[in-house]
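Chemist: Handing you a structure now.
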Amino acid sequence: MSRTIVRRATELLDRDVSRRGFLRRLTFGATALSVAPLTYLLRPGTAYAAICSCSGSSCDCSAMCCDGYTEFCCSIFGDNVCPTGTIPAGWWKADGSGVCDNTSGPQPRYYLDCNISDCGGCGCGSNGICSGSCQDPHTYTCGCANGDCGLRKSSCTGFRYGQCNQDVACVGPIVCRVVTCTPPWVWDDSCTTSSATDNNTRFHDAACLNDPDPLIDGVPLVGDWTGSGQDMPGVFVNGVWHLRRADGGPNIVFGFGNAGDRPVVGDWNGDGVDTVGVVRNGVWYMRNSNDIGPADIVFGYGNPGDVPFAGDWTGNGIDTPGLYRRSDGRVYLRNSNSTGVADIDFFFGVPFDLPVPGDFNGDGRDTVSLYRPSEQRFYIINELGSDGGGLGTAQYSFQYGAPGDLPLAGDYDGNEVDSPGIYRSGTFYLRNSNSGGVADVVYQ
Ligand SMILES: [Ca+2]
Ligand SMILES: [Ca+2]
Ligand SMILES: [Ca+2]
Ligand SMILES: [Ca+2]
């Protein structure tokens, strides 16, 4: 403690006691003083009620909001990704957490900072950071996340490790953190492999980080794998496909793609059979039969991090790519299985909405409906190119599913109209009409 602070504390705590009296009193509050000397001294009270001013809030000094780190994105926004208006601007790793260990041995846990991506009219100094208030519109404000002292701060720390999106010279404060066992440069090729380590964060955790990870626990899909006229469930798990037959025969199981690839299914050649595909770093690999073998069609479309899907946007019987790009809130559709620009693009929903392609009115063309996880609600949209942002053009909506469910759509009864389904912990709950209610078909 500096001499100045001691002198001030003496004045503040008890103007009448001697310096010796102050020091004796100090022994009772030593713990709190060592944590927050200034604040305690300026707010005389018991050692246990020491209050800190953290990120503009008054919190107990031991509160999460005061520990200097930034809150997880999933705790604030519901999903372990950078929210709209932010970009991953750098990462670090923590060793020794045990969370990411696998059969190869101990593995690091990776933390990505999501910094405000837009400095508006503000420039930034030599450190490459602008004030959070520069963002236009001003979306994120420094404070305890969700105004809760029990959560770490958000949008306060002006700092950048700098290994991601280095072409963006100027970023704002860190809004939140993403945590992953996958090295950042694998799932976002804007990130470099240049390593930074902070093991102090290795046990930082949140319940929302432990939700099932589709990349590990399997991605559910539906398709007509045998040309029966009926869509059936399938799951892609770490490069292996498990497809259920409509005739009740044994599942079709084969390897195509790698762990970490994003799976897509569709009828790439118009023969009436849906087959598999994977998207890896913006490259689409499609196969025209449901068995092991090389890709029949390969082309680049989109960026790493885009959410890929497929549908027949033209009604010619051939499924082609679609992408949902969270960073700009738009869907990009292409009408052929080849490299090129989008044939149609439009704004889509709000962050964390999920695209659900399908033909919900039986007119032979697929459109991109929307599932809003926060409401467990399907918004059925029967036109392409409509602005889903305000949902003003959604034809109708209904609630179906529970928190954490993954949405899908297919024609499970062969009437040529797609309807919703949800996937929950290895089970498909499918509806044969576009309305809420109980499942018509359940597949484990
Ligand atoms: Ca086909
Ligand atoms: Ca088509
Ligand atoms: Ca349609
Ligand atoms: Ca149907």
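Chemist: Can you put HIS204, HIS138 in order of Cβ neighbours within 10 angstrom, beginning with the fewest?
Modeler: The order, fewest Cβ neighbours first, is HIS138, HIS204.
Chemist: By the scheme Lys and Arg +1, Asp and Glu -1, what is the net charge of all other residues having a beta-carbon under 9 Å from that of ASP366?
Modeler: -3
Chemist: Long-range amide H contacts for ALA310: which residues qualify at under 5 Å (H placed 1.01 Å from N, peptide plane, sequence gap of 5 or more or a different chain)?
Modeler: VAL265, GLY322
Chemist: Evaluate the Kirkwood expression for the hydrodynamic radius of the stretch 184-295, namely the inverse of the mean inverse distance over all pairs of different C-alpha atoms, and round to one decimal in Å.
Modeler: Computed over the stretch 184-295, the radius equals 16.0 Å.
Chemist: Residue by residue through the stretch 125-140, what is 3J(HN,Hα) from phi via Karplus (6.51 cos²θ - 1.76 cosθ + 1.60, θ = phi - 60°)? Round to whole Hz and write x for glycine and proline.
Modeler: Listing the rounded values in order: x, 5, 7, x, 10, 10, 5, x, 6, 6, 5, 10, x, 6, 9, 10 Hz.
Chemist: Oh, and also: Over the stretch 111-188, what is the relative contact order in percent, taking alpha-carbon pairs closer than 8 angstrom and at least six residues apart?
Modeler: RCO, the stretch 111-188: 42 percent.
Chemist: Right, something else. For VAL168 and VAL350, compute 0.36 nm times the residue count separating them, minus their Cα-Cα distance, and round to one decimal in nm.
Modeler: Roughly 63.1 nm would be gained on extension.
Chemist: Can you tell me the convex hull volume per residue for the stretch 214-443, based on C-alpha atoms, in Å³ to the nearest whole number?
Modeler: Here the figure is 107 Å³ per residue.
Chemist: If you don't mind, another one. Which ³J(HN,Hα) values, rounded to whole Hz and listed in residue order, are derived for the stretch 142-155 from phi using the Karplus coefficients 6.51, -1.76 and 1.60 in 6.51 cos²θ - 1.76 cosθ + 1.60 with θ = phi - 60°, glycine and proline given as x?
Modeler: 4, x, 4, 4, 6, x, 10, 4, x, 10, 5, 6, 9, 6
Chemist: Moving to a separate point now. For VAL253 and ASP363 in one chain, what is 0.36 nm times their gap in residues minus the Cα-Cα distance, to one decimal in nm?
Modeler: 36.4 nm
Every number in this text was worked out from the coordinates using simple rules, so none of it is lab data. These numbers come from a predicted model, not from an experiment. Don't worry about glycine lacking a Cβ; one is built from the backbone with ideal geometry, like all the others, and counts go over all protein chains shown.
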